Structures are given as C-alpha cells and as structure tokens.
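Working notes for the structure below.
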Amino acid sequence: MNLAIQRDQTEFLYQQVVRLVRQLQQQQLLRVGDRLPSLRQLSQQLGISIPTVRQGYEELERLGMVEARDRSGYYLKAENRPTCRPARLPLSSEPVPVRQQSLLEQFYQAVHQPGILPLGIAQPSMAQPSEKALLRTMRRVTTLAGQQVMHYGPIDGFAPLKRQLAFRYLDVGLSLQPDELIITNGGQEALAIALQAVAKAGDVIAVESPTYFGVLELIETLGMMAVEIPVCPDDGIWLDDLQHALAHQPIRACVFSSSISNPMGSFMPDAQREALVLMLEQRGIPLIEDDVYGELYFGAARGRPAQCFSRKGLVLTCSSFSKTVAPSYRVGWLLPGRFGTEVWRLKRALSFASSLLNQWTMSEFIASGDYDRNLKKLRQVLKLNKERMMALVQQYFPEGTKVSNPQGGAVLWVELAKQADCSRLFQQALQQGISIAPGTLFSPSQKFCNCFRLSFGVRWQPELERAMQKLGILARQA
Ligand SMILES: Cc1ncc(COP(=O)(O)O)c(C=O)c1O
C-alpha cells in the first residue's frame, strides 16, 4: 500500500489517518472484516507517532467504521445501515398567523438552565471557542482606544469594520462600498430591520419549511403572516413550490438562507440562487437573505450570497459574527440593497447604534488574522463533529430514523417515525439533563411534530455519547 501524509497544516494528522482508511476502503484495498495495519506499522509507514495513529483509529471507531478487538487490533466493520434523508413535504396552501410563544419560552428556559447539555441551541463557536484570543484583543482595544469606546458610535457602524467586511465580500465576487453596509446588534436585529423595511403588519412573508424559529417569532411580533415553502435537504427551497406559491398567494417578501439553512443545513447551488433572485426580482418581491452560517461551509468554498445575483437591489443580506466568533458580542450587519434609507432610519429608531467596543474588537480580531485562523479550525471541528453525531444517531436511534446531511453549520435535523411526539421527547430529555429543539418550533403551522433539531456545535466529550444513548432510548418510546 502506498500511503502518504500531507503536512500542509489544513487537516489534523489523525484526520488524515481517517481519510486514508476511507480511501483504502473505497479502493477496495481494505474490505469488511479486514484487519487495519497495526499502529506501529502505520506509524512507521506514514512517519507519524503511534498515539496519532491510535487517535485516528479511535475516531474511526467513534464513526462506527471499525471495531477494536481485544489484543488483536482494529477491524473494518460491515457497512452501517444507510441513513435516509427527510422526505419532500407537500406545499402548504394558506398563509398562517404565527403563535409559538409558550413552547419557545420553555425552549429558551431549558437552554439557560445550569447543568443541561445544550443540544438544542445552535452555537457553533462552542465547538472551537476563541475566547482567549478575543479577550486579548478586547484588552488591546480598550488600551488603544481608551475613553473613545465608551461613546456612541456612528449609527451605521464602526468605519474600519465596515471597510473590512466590504473587502471580504470581494472574495465571493460581491463588490460594494462600505457605506452600502450597516452594522446591527447581531443577525436578529438585521432580520428585524430588513423585515420592517420591506413589509408591514398583515403582509404575507414566505419562509422556509422548516425554518429558524427566530424568524417566526419576528413575523409573529410584527403582526405579519407566514407561508411555508418546503426545503430540500440538499439544495434549499424547492423553486417550483415557490413559483406555485407566488402565483397563488400575495407574498410581500421572502426570508430564505441560500447558504446553510437552519435547521436543514442545505446549500443552494449558484445556478439555483440566480434563478431564485431572478424569479423574485421579476415580480418586484424583496428577498431577505439570512446568511449567518455562510462562512461555516463544509464543501470546497463559501457559497456566493444571493445578493451577487441581484440586478434590481431587492436582496437584503443579513449576517453576524454570532456563529463564527461569539454570540455575546451581538455584532451583525445588513447589506440593504436599494432599501438603504429605510434601513438607516429603522436602525436609528430601534437601537441607535451598536456597541463600539465590540465592533472595534471584531475589527482588530479580523486585522490580526485570528478571525480567519479560528474560522478554519472551527470548520474542521464542526465537520468532524457532524460525522460523529450522525454516527451516534445511526447507532442509538430506532431503525427508520431519517437525518439531514448538512453542508455546513452546526445542527442535524432528525425525523423519527410518523407517530412520534418530539415535544414530549423534549420534556423527557430535559428531565435527563439534555435539551433538544422540538420540530414544531420550526413551523408556523406546527408541522414537524415527529422531528427535532440536534446540535453538534459543542465541545466533544464522553458525556455527549452517553447523552445520545439516553436520547436514543427515549426516541424509541416517543
Ligand atoms: C438562521 C439564523 N439566523 C439568525 C440568527 C440570529 O443570529 P444572531 O445571534 O447574530 O442575532 C440565528 C441564531 O440562532 C440563526 O440561527
């Protein structure tokens, strides 16, 4: 066997061991039941340490691909049962008002209960925290800027940060001036401003189905109605369903994520993004693009924001540092397209300005290179966590469980048998110290009763595997 390790620093060495074993299996050089090369043999062959090879083999064991046999070595296991993806849903016919408050309150209470394993919340930065570098940066900023950071900042945000963000969009082919971007208090404020800039109470907003419950809560609070457009687990909303809904409903605006939807994790190919923008702009309908997970892709490159395909300025892109750095800083931004004046007015009316200290810290964090370094590691860790979590679902959950295969982000969407009740599962899991996000939270018409969202944006620890085992047992009775 001709094996080689690449010391290009982009992948941990033990992950390369995992990849090499997978390659050997694909090339049929290793078959089910075969013994893997011994730790010593592979370490000599690859020129890496025995503990590193062991780490790789243990990872393969976690992924359910190999088994360790006492005093005999590691063996390739039979294929796991295939994982099924959630099925295509029918299009809902009518817009509905959103009423989600009570379950949402219980969900948020659970998230903040001490001692609860937070598998319901999407906080990817927990998988690879950057707090040391961030705190260092923040201290540097307070020394550097002194009193200045205590003042109100400009309404549209800290100019150097706006320049850096505009510059970064050039990498994905989006050319904009810094003044075409406004800083917000997280992605949530960006979404709130965008919605109010393009729609009013009573208007119908098209959302993904399932969709992020924060969007639903906004629609509810603003007295708007939601119409659900089913999402394909692989590549975003079904465009033919959207076309049908546009022909039959008075849709005022859409809120979609073309890069890494939450909770499905789908990723729209460029051609589809372009078709989506064209379809909406031809009808004069604004698209609010929720791009908070855009940087957390697992594929070769970041998806181009739908904004890149806009000809009429009807796309408003919302994003933030909450998923890539830390949510507590509450630094987000909005590219308002042609709605700049209205967006500016709303920002001033709603929160005046965002924290100058936090924006300055983010700006320095980018300038020092720490942001990109951390992001690279975060993507690697999340991708690995995803595979581990999918393997645990396969191992512990009942036969027939379907699970998404997210192309980025930090969550899996799990679908149990039709009759399962995941709101009950949520309560039972809480009693065992585990929080999940029940599926009905993700639909204004309370669909997805048999589904739930499971986060892999966590520090991996043995406790987590035990929790998944418990959750699997509960899922069998749900
Ligand atoms: C899809 C999606 N959009 C927006 C947000 C809000 O982001 P932020 O924390 O930056 O306000 C979240 C947070 O969970 C999210 O998942």
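The values are calculated or read from the model by the stated rules, or taken from the named source; none is laboratory data. Everything numeric here is computed off the predicted structure, so don't read it as measured data. Glycine also receives a Cβ, built like all others from the backbone with ideal geometry; neighbour counts cover every protein chain displayed. The protein model used for the area step is the full one, side chains on, heavy atoms only, and it has no ligands, DNA or RNA in it. Shrake-Rupley method; radii C 1.70, N 1.55, O 1.52, S 1.80 Å.
Tally up the residues in region 102-130 that are at pLDDT below 90, part of a helix (DSSP H, G or I) and of a type in the set (S, T, N, Q), please. Residues that pass the stated criteria total 3. Could you tell me whether region 232-245 includes any residue that is β-branched (Val, Ile, Thr) and open to solvent by less than 10 Å² (accessible area, probe 1.4 Å)? Yes, the conditions are met somewhere in region 232-245.
Screening Glu208 with (1) free of Cβ contacts under 8 Å to residues at least 60 places away in the same chain; (2) of a type in the set (Asp, Glu); (3) more than 16 Å from the ligand (Cβ to nearest atom) gives one miss only, at (3). Does Glu59 fit the bill of being in a loop (DSSP other than H, G, I, E, B) and either among the polar types (S, T, N, Q) or within 29 Å of Lys376 (Cβ to Cβ) (or both)? Answer is no for this residue.
Pairs linking a residue in region 427-446 that is closer than 19 Å to Met225 by Cα to a residue that is hydrophobic (A, V, I, L, M, F, W, C) and open to solvent by 40 Å² or more (accessible area, probe 1.4 Å), with Cβ atoms under 6 Å and 6 or more positions apart or on different chains, are Thr440/Cys449.
For region 2-30, filtering for residues that are aliphatic (A, V, I, L, M) and either open to solvent by 50 Å² or more (accessible area, probe 1.4 Å) or not assigned by the TED database to the domain that holds Asp70 (or both) leaves 5. Entry remark, region 291-333: residues being within 15 Å of the ligand (Cβ to nearest atom), in a loop (DSSP other than H, G, I, E, B) and either at pLDDT 95 or above or over 21 Å from Gly408 (Cα atoms) (or both) number 14 in total.
Look through Arg379, Arg424, Arg373 and report the one residue that is free of Cβ contacts under 8 Å to residues at least 24 places away in the same chain, charged (D, E, K, R) and in a helix (DSSP H, G or I).
That would be Arg373, the only listed residue that is free of Cβ contacts under 8 Å to residues at least 24 places away in the same chain, charged (D, E, K, R) and in a helix (DSSP H, G or I).
Given the criteria surrounded by fewer than 23 Cβ atoms within 10 Å (Cβ to Cβ) and within 22 Å of the chain's Cα centre (by Cα), does Tyr293 qualify? Judged against the criteria, Tyr293 is not a match. May I ask you to verify whether Asp421 is within 22 Å of the chain's Cα centre (by Cα), on the phi < 0 side of the Ramachandran plot, of a type in the set (D, E, K, R) and at pLDDT 95 or above? When the stated conditions are applied, Asp421 does not pass them. Selection of region 31-54 for residues being crowded, with 18+ Cβ neighbours inside 10 Å and either in a helix (DSSP H, G or I) or outside the structural domain of Leu20 (by the TED database) (or both) yields Leu39, Leu42, Ser43, Leu46, Thr52, Val53. Mind listing just one residue for me: the one in region 173-195 that is open to solvent by 40 Å² or more (accessible area, probe 1.4 Å) and near the ligand (Cβ under 8 Å from one of its atoms) and, of those, nearest to Pro160 (Cα to Cα)? That would be Asn185. Kindly establish whether Ala159 is of a type in the set (Gly, Ala, Ser), surrounded by 22 or more Cβ atoms within 10 Å (Cβ to Cβ) and more than 16 Å from the ligand (Cβ to nearest atom). Spelling it out, it is not the case that Ala159 is of a type in the set (Gly, Ala, Ser), surrounded by 22 or more Cβ atoms within 10 Å (Cβ to Cβ) and more than 16 Å from the ligand (Cβ to nearest atom).
From the list Ala353, Ala349, the one residue that fits, being more than 30 Å from Trp460 (Cα to Cα), out of contact with any Asp or Glu (no Cβ under 6 Å at 6 or more places or on another chain) and free of Cβ contacts under 8 Å to residues at least 24 places away in the same chain, is Ala349. Is it the case that region 270-277 has a residue that's among the hydrophobic types (A, V, I, L, M, F, W, C), open to solvent by 30 Å² or more (accessible area, probe 1.4 Å) and part of a loop (DSSP other than H, G, I, E, B)? Within region 270-277, not a single residue is among the hydrophobic types (A, V, I, L, M, F, W, C), open to solvent by 30 Å² or more (accessible area, probe 1.4 Å) and part of a loop (DSSP other than H, G, I, E, B).
Considering each residue of region 342-361 in turn, none proves to be within 15 Å of the ligand (Cβ to nearest atom) and either among the acidic types (Asp, Glu) or over 23 Å from Asp179 (Cα atoms) (or both).
Take the conditions (1) open to solvent by 50 Å² or more (accessible area, probe 1.4 Å); (2) closer than 30 Å to Arg7 by Cβ; (3) free of Cβ contacts under 8 Å to residues at least 12 places away in the same chain; Glu105 misses just one of them, which is (2). Based on this model, can you work out whether Lys447 counts as part of a loop (DSSP other than H, G, I, E, B), of a type in the set (Lys, Arg), under 23 Å from Ser257 (Cα atoms) and open to solvent by 50 Å² or more (accessible area, probe 1.4 Å)? Considered against the rule, which asks whether it is part of a loop (DSSP other than H, G, I, E, B), of a type in the set (Lys, Arg), under 23 Å from Ser257 (Cα atoms) and open to solvent by 50 Å² or more (accessible area, probe 1.4 Å), Lys447 comes out as yes.
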